[in-house]
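The values are calculated or read from the model by the stated rules, or taken from the named source; none is laboratory data. All values derive from a computational prediction rather than experimental measurement. Here Cβ is always computed from backbone atoms with ideal geometry, including for glycine, and neighbour counts include all displayed protein chains. All accessible areas refer to the heavy atoms of the entire protein, side chains included, with ligands and DNA or RNA removed. Shrake-Rupley method; radii C 1.70, N 1.55, O 1.52, S 1.80 Å.
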Amino acid sequence: MKNEGLIYRISGPVVTAIDMKAAMYDVVRVGTEGLMGEVIELHGDKAVIQVYEDTSGIRPGEVVVNTGETLSVSLGPGLLTQIYDGIQRPLPTLEKEMGVFLTRGVDADAFDLEKIWTFEPQVSVGDSVVGGQVIGHVQETDTIVHKIMVVPGNGGVVKSIESGDFNVTQTICTFEDGTEMQMMQKWPVRTPRPYQQKYAPVIPLVTGMRILDFLFPLAKGGAAGIPGPFGSGKTVTQQSLAKYSDAQLVVYIGCGERGNEMTEVLDEFPHLIDPNTGKPLMNRTVMIANTSNMPVAAREASVYTGITIAEYYRDMGYDVALMADSTSRWAEAMREISSRLEEMPGEEGYPAYLSTRIAEFYERAGRVETLNGEDGSITVIGAVSPPGGDISEPVSQGTLRIVKVFWGLDAGLARQRHFPAINWLNSYSLYPQSLDQWFRDNIAQDFPEVRIELSGLLQIESELQEIVQLVGSDALPVDQQLTLEVARMIREYFLQQNGFHDVDAYCDIHLQYKMAKAILAFQESAKSAMASGAQLGDVVNVPSRSDLMRGRLNKGYVDTIDDMVKTMNDEIAATVEEN
Amino acid sequence: MTGKEYRTITDVKGPLVFLNKTEPVAFGEIVSLRLSNGTVKNGQVLDTSNDLVIVQVFEGTAKIDREAGVTFLGDVFKLPVSTDLVGRILDGAGRPRDGGPDIVAEKYDDIIGAAINPFSRRSPHDFIQTGISAIDCCTSLVRGQKLPIFSASGLPHNDIALQIARQAKLTGSDEEFVVVFCAMGITAEEYNFFRADLERTGALEKAVLFVNLADDPAVERIITPRLALTAAEYLAFEKDYHVLVIYTDMTNYCDALRQIGAAREEVPGRRGYPGYMYTDLAMLYERAGLIKGKKGSITQFPILTMPGDDITHPIPDLSGYITEGQVVISRELHQQGIYPPINVLPSLSRLMGSCIGEKTTREDHKSVSDQMYAAYAQGRELRGLVAIVGEDALNERDKQLLDFSGVFEDKFLRQSRDEDRSIDETLDLCWTLMSAIDTKYLVRLDQKWIDKYHPDNRK
Ligand SMILES: Nc1ncnc2c1ncn2[C@@H]1O[C@H](COP(=O)(O)OP(=O)(O)OP(=O)(O)O)[C@@H](O)[C@H]1O
Ligand SMILES: [Mg+2]
């Protein structure tokens, strides 16, 4: 058979070709317009292809050409600040080529092949280098040094090495065996990039969101799932993480969601400053936007495109955070393709391999020793959109089986405008054990104990609430009424955090600790005042307590909070004398 | 390429016709079927191969037999567009329904439409004043937004949609909207109601109507909204109009989708709807918005009736996952005789933050809206408690909030069908109503707005 065949059948995004030599995951060009596709099934003499662009108007009998390549991304300087579709075509280039509507049949380089970068070599002639090894670097953005690495699996003895200004396709290094190396390399998206070993995650990804950092921390190299019904805050949470988390690099995948949300990020990020570096956020961001109305096969590919780019930067030794909003849309794309293939469906029509694919994807997260001996990590945060908000469905369940952090969004909380609407009773993180040492060493010795105390109080509150529903809160003993007040303070002062607030949207982890301690200080002084005869009503109504609580909305709170707590304690103590 | 007529139908099933021994037929190609009695039906290719072609017939397959002649028209479905569309009434397949001439096409546009490049979008931020307090204050509508009405059978969603179509305007601008109205499977009575109202207000002359009624072919409903949106895109992005698309009832559209899926023996998703319904709906809803370098806009108001009043039903659920909020109509409020019976609590406008405030509506808008919402939510919750423990058990604050929830419904929500409140009037009304609550309980209001707008301080 030849590399060229004919279309036999077209059914939506799935095209069948005959008389063509093909292997799984080969990239093919379909029809007279040469639409890009990928072989996803071989069946007798037929190759089944998923096509990354709209297939209307295409006929049986048109030609299909096998390129012999596998679906790959281009990796090299110029990735950062880009916005791509699911198959790594830059959207600005597509706009230039097609106008404002996405038509089809246009190829586009992943980044500017002509742009000149100043390459500084780190190896010398005669050095023996192996796959993954860094041979030099360029300054990609203000904050990111882009390391040029030998393609994993390649290597040799350096015969010549350049220094100075080059574009990404010019040869910068040759090996004794005659192979040449450029700054750009390709990597197949469905193959995880190799590393030496995985480490246990022991450092948190600090997010600046109190409920996450304090109660349900995520480790660098860990994976988290955020399931929630529509309008509960998945996108706002993901965007906050992209803005404020202390990852060095962010890959943001808009997978089958709204066009306007991507526009918002594009409008906002160039003007936002990374609180961790003081530089524009866009400098550390790569975006992938394959919105709900863009071709579904490309949506299926988008998460792989994203995670491969993340792995590439991980291999340079960076801490990368990857957000996928929403993994449910990715799963639905798999379902659609699978049903066109007439595969035997599993649960709810999803293919039987759904949970395997989900697990494989999240397994690409992790903190690793890279091939060049650096420490790098990918933290994956996946939104899940369960039908009707019911997480007993296959995508939620497949996700929860593999991730160690569950941030459960709650429609009821969202309706009460309690944001972030993360349910503190059913969410969990399995990382505290491995992260506590870091919190003790870097934030405060008693950080874990404070966490346990806060979650304990919230737990007790939920039990007490059941009684209150029946008999009213006045019927409770005063110490329990105080507990309810303290828990309310945790909810309203600590857990609530408006993702759009100028000041409070991001809360430094040291400040988080101070705020948590302030709550416990209130509980302490209230208890002792009440033990000396103070009234609960007087204690909770001291004006300095509401000053303290409102203070978090002002700049410089970290400097004023200690004094405010002191004033509060004094005022509470004074309520004893009034009686 | 008006080609050869084939008489090679092998199977007919539901809305689908299967035939073989054709020349290569394009995916999505338009098909004409001639029946032995002379009737002509139209369809579209859903699946094509050397051996078998599957055609979906818009008018239904009644009377089709193996003798029917099938001609492939060589092109995908296109709508003739020109500004002559404005003022016209077309049927669900785009043919004149008003007795007028065929549309003289400036050009023909593919009705599937291409996705707007996300990079080419402009963020919506112009506040649309609908004159309905509940919407303007609590779920503000933005030009370029897609905001569905989640309703249920027997509720006045049509009146609300029409009132919005009549009253919608940008504050401080006399730019008007062109209404593109798309009926899918609604009753003749409902349609006449829409039409009469548009006629009465003169809006019909500036509207384009695509009408598929309950007794029109169900499968045609798959294309009706695509025709409407193609017309809308042409008017908005080529002719600079601000277009308001109202489509009703999305539930009928989804049912047509389900019917085709069943005929193809696809593996069904939830409640028998196809697994790709999310994507299919997104291909409609995402055709809203603004585009860089283009003056016009498309704002969408899809109406859907929730089967069994159930918001977790796949139709509202998948819609909610795509649209930028929702306006929820409540049977309970309707039964209390309140119009418009909008339940603000589950309603949401996700783009509200971008369109309200000092520059566009009023500086106190956000604060007022938050407080109205919170006070009403608490008041409503207390109703449940009062039912158990009695009103006497409430403290002063709770009593005030409980009373407020009644006033909120009676004075704030309730307005007449032709009452067009300006945003200033709406916000002032909020202040008047909230003044019945002690200011110390109005914790969401900034002190500076209390000083400026509270009735006690205004006299
Ligand atoms: N942390 C937050 N702070 C303030 N407002 C929030 C926050 N989270 C969510 N919201 C509010 O809730 C709305 C919906 O949030 P979001 O768009 O993130 O929901 P979602 O879960 O992504 O929904 P969908 O599944 O439909 O995409 C936002 O527009 C905003 O008004
Ligand atoms: Mg979202």
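Residue count for the stretch A:240-262, restricted to those that are in contact with a helix residue (DSSP H, G or I) (Cβ under 8 Å, 6 or more places away or on another chain) and hydroxyl-bearing (Ser, Thr, Tyr): 1.
Before we move on, is A:Gly408 under 27 Å from A:Tyr313 (Cα atoms), of a type outside the set (S, T, N, Q) and within 13 Å of ligand 1 (Cβ to nearest atom)? So A:Gly408 fails the test. Of the residues making up the stretch A:369-416, those that are open to solvent by less than 30 Å² (accessible area, probe 1.4 Å), within 16 Å of ligand 2 (Cβ to nearest atom) and in a loop (DSSP other than H, G, I, E, B) are A:Ser385, A:Pro386, A:Trp407, A:Gly408.
Summed over the stretch B:47-100, the residues that are in a loop (DSSP other than H, G, I, E, B), open to solvent by 60 Å² or more (accessible area, probe 1.4 Å) and under 19 Å from B:Arg226 (Cβ atoms) give a count of 2. As for the stretch A:58-81, it holds at least one residue that is under 23 Å from A:Tyr313 (Cβ atoms), modelled with pLDDT under 95, within 14 Å of chain B (Cβ to nearest Cβ) and open to solvent by 10 Å² or more (accessible area, probe 1.4 Å). Note on the stretch A:459-547: enclosed helices (runs of 4 or more DSSP H) holding 2 or more residues that are surrounded by 13 or more Cβ atoms within 10 Å (Cβ to Cβ) and touching a Ser or Thr at 6+ places or on another chain (Cβ under 7 Å) are A:478-489, A:536-540.
Could you go through the stretch A:386-398 and let me know if any residue there is in the same structural domain as A:Tyr252 (by TED's automatic domain parsing) and of a type in the set (A, V, I, L, M). Checked against the condition, which is being in the same structural domain as A:Tyr252 (by TED's automatic domain parsing) and of a type in the set (A, V, I, L, M), the stretch A:386-398 yields at least one hit. I'd like to know if the stretch A:133-150 contains one or more residues that are within 14 Å of chain B (Cβ to nearest Cβ) and under 21 Å from A:Val320 (Cβ atoms). The answer is no, given that none of the residues of the stretch A:133-150 is within 14 Å of chain B (Cβ to nearest Cβ) and under 21 Å from A:Val320 (Cβ atoms).
Any residue that is within 14 Å of chain A (Cβ to nearest Cβ) and modelled with pLDDT under 90 - is there at least one of those in the stretch B:23-31? Yes, there is a match, as at least one residue in the stretch B:23-31 is within 14 Å of chain A (Cβ to nearest Cβ) and modelled with pLDDT under 90. Answer yes if at least one residue in the stretch A:182-189 is more than 29 Å from A:Val150 (Cα to Cα), part of a loop (DSSP other than H, G, I, E, B), away from ligand 2 (no atom under 16 Å from the Cβ) and not charged (D, E, K, R), and no otherwise. Looking through the stretch A:182-189, none of the residues is more than 29 Å from A:Val150 (Cα to Cα), part of a loop (DSSP other than H, G, I, E, B), away from ligand 2 (no atom under 16 Å from the Cβ) and not charged (D, E, K, R). Evaluate the stretch A:183-193: report whether one residue or more is among the β-branched types (Val, Ile, Thr) and more than 22 Å from A:Arg364 (Cα to Cα). There is no residue in the stretch A:183-193 that is among the β-branched types (Val, Ile, Thr) and more than 22 Å from A:Arg364 (Cα to Cα).
Listed by first and then second residue, the pairs with beta-carbon distance under 8 Å, at least 6 apart or on different chains, first residue in the stretch B:442-455 and at pLDDT below 90, second of a type in the set (Gly, Ala, Ser) and open to solvent by less than 30 Å² (accessible area, probe 1.4 Å), are B:Leu442/B:Ala375; B:Arg444/B:Ser367; B:Arg444/B:Ala374; B:Leu445/B:Ser367; B:Asp446/B:Ser367. The residues in the stretch A:323-336 that are within 12 Å of another protein chain (Cβ to nearest Cβ) and either open to solvent by 10 Å² or more (accessible area, probe 1.4 Å) or within 12 Å of ligand 2 (Cβ to nearest atom) (or both) can be counted, and the count is 7.
Scanning the stretch B:67-86 for any residue that is β-branched (Val, Ile, Thr), within 14 Å of chain A (Cβ to nearest Cβ) and under 29 Å from the mean Cα position of the chain (by Cα) turns up at least one such residue.
Being buried (at least 19 other Cβ atoms within 10 Å of the Cβ) and within 16 Å of ligand 2 (Cβ to nearest atom): is that true of A:Thr207 here? So A:Thr207 fails the test. Restricting attention to the stretch A:548-563, the residues that are assigned to a helix (DSSP H, G or I) and open to solvent by 50 Å² or more (accessible area, probe 1.4 Å) add up to 6.
Taking the criterion of being assigned to a helix (DSSP H, G or I), within 14 Å of another protein chain (Cβ to nearest Cβ) and among the hydrophobic types (A, V, I, L, M, F, W, C), the residues of the stretch B:369-428 that qualify are B:Met372, B:Ala374, B:Ala375, B:Ala377, B:Leu382, B:Leu385, B:Val386, B:Ala387, B:Ile388, B:Val389, B:Ala393.
Scanning the stretch A:216-258 for residues that are in a strand (DSSP E or B) and more than 13 Å from ligand 2 (Cβ to nearest atom) turns up A:Ala219, A:Ala223, A:Ala224, A:Gly225, A:Leu249, A:Val250, A:Val251. Checked against the criterion of being more than 14 Å from chain A (Cβ to nearest Cβ) and aliphatic (A, V, I, L, M), the candidates B:Ala262, B:Ala282, B:Ala228, B:Ala288 yield just one match: B:Ala228. Looking across A:Glu268, A:Glu257, one residue alone is at pLDDT below 95 and near ligand 1 (Cβ under 8 Å from one of its atoms). It is A:Glu257. Condition check for B:Gly296 on (1) open to solvent by less than 20 Å² (accessible area, probe 1.4 Å); (2) at pLDDT 95 or above; (3) within 13 Å of another protein chain (Cβ to nearest Cβ): one failure, at (2). Within the stretch A:417-441, the set of residues being within 16 Å of ligand 2 (Cβ to nearest atom), open to solvent by less than 20 Å² (accessible area, probe 1.4 Å) and part of a loop (DSSP other than H, G, I, E, B) comprises A:Pro420, A:Ala421.
What pairs come up if the first residue lies in the stretch B:101-118 and is within 14 Å of another protein chain (Cβ to nearest Cβ) and closer than 14 Å to A:Glu53 by Cβ, the second is assigned to a loop (DSSP other than H, G, I, E, B) and aliphatic (A, V, I, L, M), and their beta carbons are under 7 Å apart, counting only those six or more places apart or on different chains? The qualifying pairs are B:Ala115/A:Met294; B:Asn117/A:Val100.
Within the stretch A:264-277, the presence of a residue that is open to solvent by less than 10 Å² (accessible area, probe 1.4 Å), within 16 Å of ligand 2 (Cβ to nearest atom) and more than 10 Å from chain B (Cβ to nearest Cβ) is excluded.
Residue selection: A:Glu343 satisfies the criterion of being modelled with pLDDT under 95, more than 25 Å from A:Leu218 (Cα to Cα) and more than 16 Å from ligand 1 (Cβ to nearest atom).
Count of the stretch A:83-103 residues, restricted to those that are more than 7 Å from chain B (Cβ to nearest Cβ) and either in contact with a Phe, Trp or Tyr (Cβ under 7 Å, 6 or more places away or on another chain) or open to solvent by less than 20 Å² (accessible area, probe 1.4 Å) (or both), is 6. Looking across the stretch B:335-355, the residues that are open to solvent by less than 30 Å² (accessible area, probe 1.4 Å) and within 14 Å of ligand 1 (Cβ to nearest atom) come down to B:Val344, B:Leu345, B:Ser347, B:Ser349, B:Leu351, B:Met352, B:Cys355. Kindly establish whether A:Leu218 is within 16 Å of ligand 1 (Cβ to nearest atom), open to solvent by less than 20 Å² (accessible area, probe 1.4 Å) and not assigned by TED's automatic domain parsing to the domain that holds A:Asp502. So A:Leu218 does not fit the description; no.
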